[in-house]
Amino acid sequence: MGEIHKVAEPDHIIKDVVGKFPCRVLWSEGRPCLEYQREENVALITKYVHKTYNVELLDVFFTAVESLPVEP
């Protein structure tokens, strides 16, 4: 018998990612956009989402953007 995969809702995946990684969600026209702090972070997030939920990061988030640097 084949393995059955239960598909997680995008809202659940978003909440999980934000709780585990240094990132936040920005909303643009009702679509979630991932804001990450460093390139290494988005690579880890991408691997985590694929391994845990078997979906691509951009299937959950409309786009992913790096945070702007904070000016002193």
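Working from Cα positions, state the angle (0 to 90°, nearest 10) between the long axis of helix 39-53 and the longest principal axis of the chain. Value to nearest ten degrees: 20. Protein heavy-atom surface of the chain, 1.4 angstrom probe: 56% of the accessible area is carbon and sulfur, with nucleic acids and ligands not counted.
For the chain, the 222 nm mean residue ellipticity estimated from helices alone, with every DSSP H stretch of n ≥ 4 adding -39500 (n - 2.57) and the total spread over all residues, rounds to -12000 deg cm²/dmol. Once the C-beta distance of Arg38 and Thr63 is scaled by a Förster radius of 22 Å, the resulting FRET efficiency is 0.85 to the nearest 0.05. Report, to one decimal in Å, the Kirkwood hydrodynamic radius for the chain based on all distinct Cα pairs. Evaluated on the chain, it is 13.0 Å.
Calculated accessible area for the chain comes out at 79 Å² per residue, all protein chains present (probe 1.4 Å; ligands, DNA, RNA ignored).
The values are calculated or read from the model by the stated rules, or taken from the named source; none is laboratory data. If you're wondering where the values come from, they're calculated on a predicted model, not measured in any experiment. So basically every Cβ, Gly included, is an ideal-geometry build from the backbone, and we count neighbours across all protein chains shown. Side chains included, ligands, DNA and RNA excluded: accessible areas come from the protein's heavy atoms. Shrake-Rupley method; radii C 1.70, N 1.55, O 1.52, S 1.80 Å.
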